[in-house]
Amino acid sequence: MGETVPTAPPLLAPPVVVVAPSPKSPPKYPDLCGRRRLQLELQILNREVGFIEEELQSLEGIQPVSRCCKEVNDFVGTKPDPLIPVYDSSTSSHVLCYVLSKRRHRSCCLWRWIRYFLNFVVFYQFYSFLS
């Protein structure tokens, strides 16, 4: 940044170099914003640690979940499901086939009755239309 400024009186004199003033850098201040931000983050982390410690202390008073699950599983396992029919092992397979065929027969009877009823209605409407 040094500029040479020509001077007129001496013709053979060496040129005079004048240094232009440069602005001084500001003084080094401590980074208060970064420090404050780090302090706030530390406070937040300490607060979260406190919450987690409180939650752990409250959970220590509760009995383990696995014990509760085991009790529920044992209770449900001993009670039969009321919607599923239970057959003894002494019941032979031909008895089961008979029971299932009876159910099938009942449903067939139901469809037979519905078919009879619909045929009767159609027949009645057809003959009432003719007369």
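Numerical summary
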quantity: Contour excess over end-to-end distance, with Cα ends at Val17 and Cys69 and 0.36 nm allotted per residue; calculated: 9.6 nm
quantity: Student exercise, the range 32-79 dipole from Lys, Arg, Asp, Glu Cβ charges, in Debye to nearest 20; calculated: 240
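Bear in mind these aren't lab numbers, they're just calculated from the coordinates by the rules spelled out. These numbers come from a predicted model, not from an experiment. Quick reminder, even Gly has a Cβ in these numbers, built from the backbone with ideal geometry, and neighbours come from all protein chains shown.
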